[in-house]
Structure formats: C-alpha cells, structure tokens
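The values are calculated or read from the model by the stated rules, or taken from the named source; none is laboratory data. This one's a predicted model, so the numbers in the text were calculated from it and none came from an experiment. We place every Cβ from the backbone using ideal geometry, glycine too, and count neighbours over all the protein chains shown.
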Amino acid sequence: MEAWQHGGGQRTLLEARTARAWGVPLSVVRGQRPPGEKWTYNDQVTALALTTYEASLCPGCGQPLVHSTGDHPRNYEVRTISCVGCNELETWTKELQPGERKYVVPEDD
C-alpha cells in the first residue's frame, strides 16, 4: 500500500482493482491458479491493502490525504483536457426519456 501512495506498484494496483471488479482473487488475475479455489494469504493481504489504500484518498480529488492535508500539504496545480466526445455530450440539449442515455460514437469519415 505504501508504494501505491507514492505512485509505485501501478501494475499491482491495476491487478488488484481488476480482481475486485471480476470478483476473483489476485492470483487468478495473474494466471497463477484457476478460479474457484480458496484465496491465498497474499490474495487476502492485497485485497485488504487495496481497501486501505482507497480509504486513504481524498474522496473529492483522489489525492492521498497524507499529501493533501495536515501541517505541510503539497501544492497542486489544476490541469485541463479537452475531449471532443465530452463536448458533444455537454452541448447536446435534447431532453432524455426515462431510461434513455446519451453516448458518443465516432462519425463516419
């Protein structure tokens, strides 16, 4: 978990989140064993570390609370990106019917 707070171990973080999304142990995602077997000690520790790590993040901006609060918080800068798809969704004004969702697809060339 410490490595995740400082930007390291990104592959393990991705694998742990994938395991959670799939509802399987980390060792299954890594191809170390088939699904359906009892979770290993490492599987359990990694799942607990993921929960602990995510609880240590600011719910607003996602930065580690240890870096963004307290006596000596880090300074941050705000950056922006422009996404054409998001722009289309935001400028589309038709009112949606119940259950109807809007989405974007690329236009034909």
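Among the residues of the stretch 1-27 satisfying the criterion of being at pLDDT below 90 and of a type in the set (A, V, I, L, M), which is surrounded by the fewest Cβ atoms within 10 Å (Cβ to Cβ)?
Among residues in the stretch 1-27 that are at pLDDT below 90 and of a type in the set (A, V, I, L, M), the one surrounded by the fewest Cβ atoms within 10 Å (Cβ to Cβ) is Ala3.
Any chance you could count how many residues in the stretch 54-87 are modelled with pLDDT under 90 and in a helix (DSSP H, G or I)?
4
Does Val45 count as outside any loop (DSSP other than H, G, I, E, B), out of contact with any helix residue (DSSP H, G or I) (no Cβ under 6 Å at 6 or more places or on another chain) and among the β-branched types (Val, Ile, Thr)?
Yes.
In the stretch 28-52, how many are within 13 Å of Glu15 (Cβ to Cβ) and either in contact with a strand residue (DSSP E or B) (Cβ under 7 Å, 6 or more places away or on another chain) or surrounded by 12 or more Cβ atoms within 10 Å (Cβ to Cβ) (or both)?
The number of residues fulfilling the criteria is 10.
Can you say whether Thr51 is assigned to a helix (DSSP H, G or I), in contact (Cβ under 8 Å) with a residue 12 or more places away in the chain, out of contact with any His (no Cβ under 9 Å at 6 or more places or on another chain) and β-branched (Val, Ile, Thr), as far as the supplied structure shows?
no
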